Each structure stands twice: as structure tokens, then as C-alpha cells.
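As C-alpha cells, the structure follows; a few thoughts come after it.
The values are calculated or read from the model by the stated rules, or taken from the named source; none is laboratory data. Quick caveat, the model's predicted, so the values are computed rather than measured. Counting neighbours? That spans all protein chains shown, and the Cβs are built from the backbone with ideal geometry, glycine included.
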Amino acid sequence: MRLNKYLAFHGVGARRTCDEFIREGRIRVNGCVVRELGTQVKVGQDRVEVDGKRLELTRRLVYILLNKPAGYVVTAKDPRHRPTVFDFLKDIEQRVFPVGRLDLDVQGLLLLTNDGALSFRLMHPRFQVEKVYRVVVEGRPEGEILRSIRSGLRLDDGPTAPADVKQIGGDDRATMFEMRMHEGRKRQIKRMWSALGHPVLALERISFAGLTTKGLAQGEWRFLEREEIEKLKERAGLLREVSVE
């Protein structure tokens, strides 16, 4: 089995995340650091370690919804010793990973799981998983600026897909919008508004794949209900759980 697939099935994260771990030299196979993405491993025979900890097959899949406050990084360890979202999850026995990222200053819905197959599909552009944000930008953009977002605009890493944008508040100094989109490039919303001359002042993700943070204060979390998990898998085109033989 390819190493990134093996890692994903063991709950390390989506395959893209696993590829990053491999490139960073965080994976050892039979005691040797592996950086080759195409590496094959023998299931049940090879010893695979992540950050020095041997992988054991995850027996219980966990799905957590967290209302992330601003000021927390979305990583288990931070070299600058800033607070992380995992500070809220110290009582969770299973090792979970975030589905996507939220910047330090961004708040709102964050999904964490050890279901690598589902995580991969939720982040893959092909499955068109909707994300909804509440964004406050400087000034009062309208007209052609909003049409650019709705039709797509060109950034340094290529054109963006069309996004739905609707004003929900504000004044001449700052305006609040609700944005619905399927893409999730790094810092995409901030880069879009900055390119149009209206820097982002505040950003919150209020919905992801139909989930919301309703009933959760910032810093609070809960396990997903079975029905929510089934709906997520349906949205991701994953109708049954994947197992490792």
C-alpha cells in the first residue's frame, strides 16, 4: 500500500496532509526516515512511525466539531508556543486531525477527525463541499467589485471559482458579507478582498458541509451525531466506511 494511503487509513490525516508529513521527514518506516511520496509499505509487517510514535490501526472513528476562537493555531505543536486548538481537546484519547485549516486570526467551525478517507474527500475540490463565511472588510465595496467575486477573479495562483456574496451589514467604514464557496486555497478569502482593495478586518467560518456551530460558544466542542456523520459521507460521496485488511 502507498505510504500516504496507509497513513490516511490510520487516521493521520487526509492524503495531502500525509504527503506534507512525508516531505518534512516526520515519517519513519522500519526505523528509517522516508521522504519519497511513492513509498510502498507492507501492511502488518512494516513498522511505521509518525513523530517517533508507532502507528496502530485506529479502531474507533471520531468526529469532532469545534467552535475555534481567534488566536489559536490549527496544529498539534507550534514552534512559537502559541495556543493551539488541541488545548481544548486534552481529554480526547484518539488522535484526531483538522479537516482543512483556519488562520490564527480566523474563528468559527473546525471539523476534526481520524477518518482519513472522509477528510480527504471533504477537502478535495472535486466534491464541491460548501463553506460559508461571515467576513467584515474595510470600506463599502459594491457593484463591479462584488461582480468580480461572483464571477471569479485572478489571483497569483490562478483564477478563483465563482463565489456567492451577500451584504448583511455595515456602514461606510466597514461592510459585513456572507460568502458561500467551494474552494479552499490558502488565505483565499483574504487574498480576494485584498486584491480588490478592501482588506479583511474579521473572518469567521459559520458553516462547513452543512454543519454549523449553533449552540457552541467559542472554545466549546462536541462529537457529531450519527445522522450528521452519515450526511457528511453522503456529501463526500463516501457511502460506507473504508477498512484496512
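Consider ASP171 carefully, then state whether it is over 30 Å from GLY13 (Cα atoms) and among the charged types (D, E, K, R).
On the way: over 30 Å from GLY13 (Cα atoms): yes; among the charged types (D, E, K, R): yes.
For ASP171, the condition - over 30 Å from GLY13 (Cα atoms) and among the charged types (D, E, K, R) - is met.
In region 119-139, what count of residues is obtained for those that are modelled with pLDDT of 90 or more and not small (Gly, Ala, Ser)?
11
Pick from region 86-100 the residues that are among the β-branched types (Val, Ile, Thr) and surrounded by 21 or more Cβ atoms within 10 Å (Cβ to Cβ): which of them is nearest to LEU7 (Cα to Cα)?
Once the filter is applied, the top-ranked residue is VAL96.
Listed here are the residues, each with its yes/no results for (1) over 27 Å from ASP87 (Cα atoms); (2) modelled with pLDDT under 95; (3) aliphatic (A, V, I, L, M).
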residue	(1), (2), (3)
GLY169	yes, no, no
ALA174	yes, no, yes
PHE177	yes, no, no
ARG180	yes, no, no
ARG191	yes, no, no
GLY197	yes, no, no
LEU203	no, no, yes
LEU211	no, no, yes
GLN218	no, no, no
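Mind checking which residues of region 196-240 are aliphatic (A, V, I, L, M), in contact (Cβ under 8 Å) with a residue 24 or more places away in the chain and part of a loop (DSSP other than H, G, I, E, B)?
Correct list: LEU196, ALA209, LEU216, ALA217, LEU224, ALA236, LEU238.
Identify the residue in region 163-186 that is small (Gly, Ala, Ser) and either surrounded by 15 or more Cβ atoms within 10 Å (Cβ to Cβ) or in contact (Cβ under 8 Å) with a residue 12 or more places away in the chain (or both) and, among all such residues, is farthest from VAL137 (Cα to Cα).
GLY184
So, PHE208, is that one aromatic (Phe, Trp, Tyr), more than 20 Å from GLY139 (Cβ to Cβ), surrounded by 15 or more Cβ atoms within 10 Å (Cβ to Cβ) and within 19 Å of the chain's Cα centre (by Cα) or not?
yes
Only residues that are in contact (Cβ under 8 Å) with a residue 60 or more places away in the chain and surrounded by fewer than 19 Cβ atoms within 10 Å (Cβ to Cβ): list them for region 102-123, please.
Within region 102-123, ASP103, ASP105 meet the criteria.
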